[in-house]
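Since the structure comes first, as structure tokens, the remarks are kept for the end.
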Amino acid sequence: MELHVSTIIISMINFLVLVFLLKKFLYGPICGMLDARKEEVVNNLNQAEEAKNEAQKLKEDYQAQIKDAKNEAQEIINKATQIGEQTKNEIVAEAREEAAKLTKKAQEEISREKSEALNELRSEVANLAVLAAGKIVGKSIDVKDHENMVNNFVKEVGEAK
Amino acid sequence: MFLTNIAYASEESHSAIQVVFSIGPVEITSEIITMWAVMLLVTIVCYLGTRNLKRIPSGLQNVLEYGVSTLQSFFADLMGEKRAKQFLPMLMTFFILILCSNYSGVLPLAGEHIPGYKPPTSNVSVTAGFAIVVFFSVIIFGIKAKGLGYFKHFVEPIVILLPINILEQFTRPLSLALRLYGSVYGEEMVVASLASLIPLFLPIPMQVLGLLFGAIQAFVFTLLAAMYIEEATAVHH
């Protein structure tokens, strides 16, 4: 075992040269790459966090909007129901009024027709009675008596009915 | 007798310094050439793995990322996130270089005598070189972190420990160098001895152990270096 000076010195130089070479070809690129990747991961995580927050906010917004829309729809339905109810009431009332009017008109018509018919009948009967009485009695009776007789007769007939 | 002879013979040939060629006064040994090969291999692998980095890693990039982030988090446990990042290049290079150097001795041909191929960490000069780097970086990083206050710990807890504290600064790299060298060299010697007895199959259990020891020694060296640096740069409040 003996020391060889030039081997010692060349070993030292070799080592330093290799440090330089590996710095250039190994540590530099690899450490740079590792750092870059680390940074990228951190960035990505941050971005993901941001996106998540944004999504959360959007979700809340949309939920609020949906809630508003629901409320509005409910309001519209309520209003429509109310209007429908009102319209229905109006229509029914109108129809009732109309019906009542029609009924009343019909009744009036009936009673008018009835009294007309009665009058007609009355004069017809009177004429007939006069004619018959004249033939039976053979004598004429004045108009006044005649009328009285007819009226009595009619009255009796009506009562007998 | 027979065994010891073989072991002795192989030890002699292994401990000898093989100078493959020299550039002026600088002698290039087999260990240095092997270390260059290891460095080239490591650099090529890293280049291929990081040449075309993708956001979603696959294959080699995945392996490298896993290694870097595992070691980084290990050092972060030891010395905190910030200093782990600061010292990662140095500490991880120690780990990779020592691990690959140790494993270069596990290859089957390492026991043979091939000029220009010898596991670097089986030579004490190489491990001494690494230990010296640790020695100086502890002092440099200590002064960088705490200024002249770094030297205060030499007289702590009491002044009388000054010689021992100074001695410790030197025994640490010594133990680093010798531990690594002894482990790899010893393992290699055993493999060589076994291989010279029966070259087939017999060295395999030892080589498997060598894989384990190689990783442990690389880890221990790196861990101790990290602890020394941590201690020197720790700012006490």
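Under a straight-distance cross-link criterion of Cα-Cα below 26 Å, which lysines are reachable from A:Lys104, leaving out those fewer than 8 residues away in the same chain?
A:Lys88, A:Lys114
Once you mark the trypsin sites (Lys or Arg not before Pro) that are in a DSSP loop and have at most 15 other Cβ atoms within 10 Å, what is the longest gap between them in chain B?
B:56-237
Over chain B, how many pairs of lysines fall under 24 Å by alpha carbon, counting only those 8 or more apart in sequence or from different chains?
Eligible lysine pairs with Cα atoms under 24 Å apart amount to 7.
Would you mind checking the tilt of helix B:124-146 against the longest principal axis of the Cα atoms of chain B, expressed as 0 to 90 degrees and rounded to 10?
Its long axis makes an angle of about 10 degrees.
For the range B:2-233, what is the relative contact order in percent, using Cα pairs closer than 8 Å and at least 6 residues apart in sequence? List each step's numbers first, then the result.
Numbers: 226 pairs, mean separation 59.8, N = 232.
It comes to 26 percent, rounded to a whole number.
Please state, as a whole number in µm²/s, the translational diffusion coefficient that the Stokes-Einstein equation yields for the protein assembly as shown at 20 °C and 1.002 mPa s, with Rh defined as the Kirkwood radius across alpha carbon pairs.
Using the Kirkwood radius from Cα pairs, D works out to 70 µm²/s.
Only sites in a loop by DSSP and with at most 11 other Cβ atoms within 10 Å count here; which GluC sites (Glu not before Pro) in the range A:1-43 make the cut?
A:Glu2
Between A:Phe20 and A:Glu50, what is the label-point separation in nm under the 7 Å Cα-to-beta-carbon projection?
Inter-label distance under the simple model: 4.4 nm.
Cα axis of helix B:30-50 to longest principal axis of chain B: angle in degrees, 0 to 90, nearest 10?
For B:30-50 against chain B, the angle is about 60 degrees.
Ignoring everything except DSSP H segments at least 4 long, calculate the 222 nm mean residue ellipticity for chain B; use -39,500 (n - 2.57) per segment, divide by total residues, nearest 500. Please list the in-between numbers first.
On the way: 7 runs with 169 residues, N = 237.
Helices in chain B give a 222 nm mean residue ellipticity of -25000 deg cm²/dmol.
For chain A, taking Cα atoms only, what is the radius of gyration to one decimal and the Dmax to the nearest whole Å?
In Å, with Rg to one decimal and Dmax whole: 61.2, 194.
Rounded, prolate or oblate: which fits the range B:2-233 when a ≥ b ≥ c are the square roots of the eigenvalues of the alpha-carbon gyration tensor, with rounded for a/c under 1.5 and prolate only if a/b beats b/c?
On the way: a/c = 2.01, a/b = 1.31, b/c = 1.53.
Oblate.
7 Å from Cα along Cα→Cβ at both A:Asn89 and A:Val125: what's the point-to-point distance in nm?
If labels sit at A:Asn89 and A:Val125, their model points lie 5.3 nm apart.
Where does chain A land at 222 nm, in deg cm²/dmol rounded to the nearest 500, when only DSSP H runs of n ≥ 4 count, each adding -39500 (n - 2.57), divided by all residues?
Dividing the helical sum by the residues of chain A leaves -34000 deg cm²/dmol.
Tell me which lysines have Cα within less than 23 Å of A:Lys57's Cα, excluding those fewer than 8 residues away on the same chain?
A:Lys57 reaches A:Lys67, A:Lys70.
Taking chain A as the reference, fit the longest principal axis to its C-alpha atoms, fit the long axis of helix A:143-160 to the helix C-alpha atoms, and give the angle between the two in degrees, 0 to 90, nearest 10.
Roughly 50 degrees, rounded to the nearest 10.
Read-outs: derived from the displayed coordinates by stated rules, not from any lab. Please read all numbers here as calculations on a predicted model, not as lab measurements. Note that each Cβ is placed from the backbone with ideal geometry, even for glycine, and that neighbours are counted across all protein chains shown.
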